[in-house]
Amino acid sequence: MGYSFHNDNRLPQGRLAMASYVIVGMIGVLLLGFWKLQIIDAEKYASMAERNRVRSIPVIAPRGRMLDRDGRVLVDNRPSFSVLLLRDDPALVEKNLPAIADGLNLAVEDLRDDLSTTRNLPKFQPIIIKPEASDADIAFIESHRSDIPILEMISISRRRYLPNGFMAHASGYVGEVSEQQIESSNGRFRPGDFAGKTGLEKQYNDLLMGTDGMRRVIVNSVGKEVGRLSTQEAIPGKQIQLTIDYDLQQVAEQSLGTRPGAVVALDPRSGEVLAMVSRPTPDPNDFSVRVSNEIWKRLNDDPLHPMLNRAIQAQLAPGSVFKIITATAMLEDKVPPESYTAFCPGYATFYGRQFKCWVYGKSSHGVVNFRKAILDSCDVFFYNVGMKLGIDRLAYYATKMGIGHKTGIDLPSEEPGLMPSEEWVERVFHRKWYPGETISVSTGQGAVTTTPLQLARTIGGIAMGGIFKQPHLLKDAQNVSEERFNISEPTVEKITDAMYGVVNDGGTGASLKLAGVELSGKSGTAQVIGYSTRDRLGKQKKFEDNAWFVGYAPRRNPEIVVAVLVQESGQHGGTASGPVVRDIIKAYYDKKNKNNGQTTVEYQRFNFGNGTNPAQAALAVKDAELAAPAKLDAPQLNSAAAAAAIIPAPPQKALQ
């Protein structure tokens, strides 16, 4: 029997070939993908897999400490924790953002702003979302490890400053870096990093900042640490030793009290700054973590401007202290001659205008010679001297002796002050200088302005015979410059003898005399507004006179010079500022004469006639953990007034 298969349905050869090619192509694509995964992108995916189980956590380097000249710690660090947000998985971050905000007491909008600011950073780089973690924050993070694995904590060393703004303007403060700082740092700064913002913290930020390390840990599927890998240790910042003498700084802070003003103490032989105070002042501890908007607004709205470092930024009329410059110009130019005398009835008339002496309406100085003019601070005498010298000779001597330009101190944002001249008024106001303006300038009024640091350097330099050292705060600073101006020996002798007489021969600083110390100096009382304007407006606190006193010791080649400004005190310089100078210079000699400087100074600092606010005592006690145990004798503690004098006790010496 035969069978026929003519109706078989067979696949055409062309279609079979096409199907084979497709299958082979697909296999080829798969093989190519496997090859790319295994060979080309092996390192990339291995890294991603590694990050799924290995977490890199930064180890923040502590900033270097600041020590005083004797090695005692002025600024150090305290341990703290910051909260990190891990951004490897954006979807997980977005999902948990409301829970994180609620648990850490943060605003969701603030978290989104942080994420937006750091969107250009690598996703594997964590960011700080809360600089200072509270106990409640730590408990929240630990209890939610499994359901919120994108939170981590790192140990941070926060800045710790002595309480109540002690040395605050000199030390400065640290703050969180801005977006502009991050962009210009070439990768050195990350969001959440802190850097120096003002003062020495800013000036020496590169020295004080260390180099961060990195800690690599193994985590499980819920983000819990189960092991540790390698750790790159952080390199701490370098500590710096300052020229500041803690004991003198303490005296300066206490003696000035809460009055607005400034104190600068220098060693004119070297330019070393021994003490620097500016009041009012912020508490730099408020900035060691992210400063609150409330505190920042209060500081900026305060009419007394606590953020202003008056020691180097308050540009004010120096008042009668400037007469020392006018007197130097007179003796050097011999215009008028040294034998010149003037009669002071309490006022004088120049160019049709009456200029008053400070004794106007109370008494008169009568016939005044050179020495009496300095001792009694006679304005009429120096009005006549200024008129005879002219503004350009006054400007020449003042500029050469440091007025009207920066001292070069190692602090940011120093102001230069101003010494007017004919050239200056033409350049700025496009007019000629009026001779009557010279009358005011000759006694430190009118357009001339200085800073307390400038005056300390100038008076100290004159007493040194024309050697003006660059002020500095870094101990053993290299390349300290100096300016020399040739002042003849007879001129220096007569000027220093007169300033000695201001204190010791019945001058305007007679109440400041110290037994066994050649305390010399010059007082100054500078008007905020003119006499005629004051008469028109009446007496108002905001128009009270500024009180100056610049003192030094000994009489020639001094070891210490102190400039004190008390703003709008309404008192004469010898009354308001002089006692502060006396206290500091007395403390200097007490320390010098006791055990080669190894003992804390004893001095009369519990007299609260200088404006000290007893309420500060409670603040100091509250912040006592920031300082070493107080060193007060039992008799002092038995006095109710002594409690108000509690200020930061001597800090411990740093281990070398």
Checking THR231 against (1) modelled with pLDDT under 80; (2) open to solvent by 60 Å² or more (accessible area, probe 1.4 Å), which single condition isn't satisfied?
(1)
Checking PRO131 against (1) open to solvent by 40 Å² or more (accessible area, probe 1.4 Å); (2) touching a residue at least 40 places away in the same chain (Cβ under 8 Å), which test does it fail?
(1)
Considering (1) at pLDDT 95 or above; (2) open to solvent by 30 Å² or more (accessible area, probe 1.4 Å); (3) within 17 Å of the chain's Cα centre (by Cα); (4) not aromatic (Phe, Trp, Tyr), say which one SER270 fails and leave the rest.
(3)
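Residue-by-condition table, conditions (1) open to solvent by 80 Å² or more (accessible area, probe 1.4 Å); (2) part of a strand (DSSP E or B):
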| position | (1), (2) |
| --- | --- |
| THR328 | no, no |
| GLU332 | no, no |
| VAL335 | no, no |
| GLU338 | yes, no |
| ALA348 | no, yes |
| VAL359 | no, no |
| LYS362 | yes, no |
| LYS372 | no, no |
Within segment 131-146, identify whether any single residue is in contact with a helix residue (DSSP H, G or I) (Cβ under 6 Å, 6 or more places away or on another chain) and modelled with pLDDT under 90, and answer yes or no.
no
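So if I check each of VAL368, VAL380, which one is among the β-branched types (Val, Ile, Thr), touching a Phe, Trp or Tyr at 6+ places or on another chain (Cβ under 6 Å), open to solvent by less than 50 Å² (accessible area, probe 1.4 Å) and in contact (Cβ under 8 Å) with a residue 24 or more places away in the chain?
Step by step, each of VAL368, VAL380 is checked, and only VAL368 is among the β-branched types (Val, Ile, Thr), touching a Phe, Trp or Tyr at 6+ places or on another chain (Cβ under 6 Å), open to solvent by less than 50 Å² (accessible area, probe 1.4 Å) and in contact (Cβ under 8 Å) with a residue 24 or more places away in the chain.
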Please note which helices (runs of 4 or more DSSP H) are completely contained in segment 220-320 and include at least 1 residues that are in contact with a strand residue (DSSP E or B) (Cβ under 6 Å, 6 or more places away or on another chain) and in the same structural domain as LYS592 (by TED's automatic domain parsing).
246-256, 310-313
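Would you mind finding the one in PHE343, PHE355 that is outside any loop (DSSP other than H, G, I, E, B), at pLDDT 95 or above, open to solvent by 50 Å² or more (accessible area, probe 1.4 Å) and aromatic (Phe, Trp, Tyr)?
Working: PHE355 fails: open to solvent by 50 Å² or more (accessible area, probe 1.4 Å).
None of the others qualify; the one that does is PHE343.
One line per residue, one yes/no per condition, for (1) open to solvent by less than 40 Å² (accessible area, probe 1.4 Å); (2) modelled with pLDDT of 90 or more; (3) at positive phi; (4) not assigned by TED's automatic domain parsing to the domain that holds THR118:
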site: GLU152; (1), (2), (3), (4): yes, no, no, no
site: ARG188; (1), (2), (3), (4): no, no, no, no
site: ALA195; (1), (2), (3), (4): yes, yes, no, no
site: GLY213; (1), (2), (3), (4): yes, no, no, no
site: VAL217; (1), (2), (3), (4): yes, no, no, no
For segment 565-591, enumerate the residues that are at pLDDT 95 or above and either in contact with a Pro (Cβ under 9 Å, 6 or more places away or on another chain) or among the hydrophobic types (A, V, I, L, M, F, W, C) (or both).
LEU565, VAL566, GLN567, ALA576, VAL580, VAL581, ILE584, ILE585, ALA587
Helices (runs of 4 or more DSSP H) wholly inside segment 392-501 that include at least 1 residues being surrounded by fewer than 20 Cβ atoms within 10 Å (Cβ to Cβ) and of a type outside the set (S, T, N, Q)
422-429, 435-441
Pairs needed: first member in segment 351-362, more than 13 Å from THR443 (Cβ to Cβ); second member anywhere, loosely packed, with under 12 Cβ neighbours inside 10 Å; C-beta distance under 9 Å; at least 6 residues apart or different chains.
TYR351/TYR434
Out of curiosity, is ARG55 touching a strand residue (DSSP E or B) at 6+ places or on another chain (Cβ under 9 Å), part of a loop (DSSP other than H, G, I, E, B), within 20 Å of SER155 (Cα to Cα) and basic (Lys, Arg)?
no
Number of the exception - ILE182 against (1) touching a Pro at 6+ places or on another chain (Cβ under 7 Å); (2) touching a residue at least 40 places away in the same chain (Cβ under 8 Å)
(2)
Against the conditions (1) under 19 Å from THR258 (Cβ atoms); (2) surrounded by 23 or more Cβ atoms within 10 Å (Cβ to Cβ); (3) not charged (D, E, K, R), where does LEU299 fall short? Just the number, please.
(2)
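The values are calculated or read from the model by the stated rules, or taken from the named source; none is laboratory data. Values in this document were obtained by computation on a predicted structure and should not be read as measured data. Positions of Cβ are backbone-derived with ideal geometry, glycine not excepted, and every protein chain shown enters the neighbour counts. Each accessible area value is taken on the protein alone, full model and side chains, heavy atoms only, with ligands, DNA and RNA left out. Shrake-Rupley method; radii C 1.70, N 1.55, O 1.52, S 1.80 Å.
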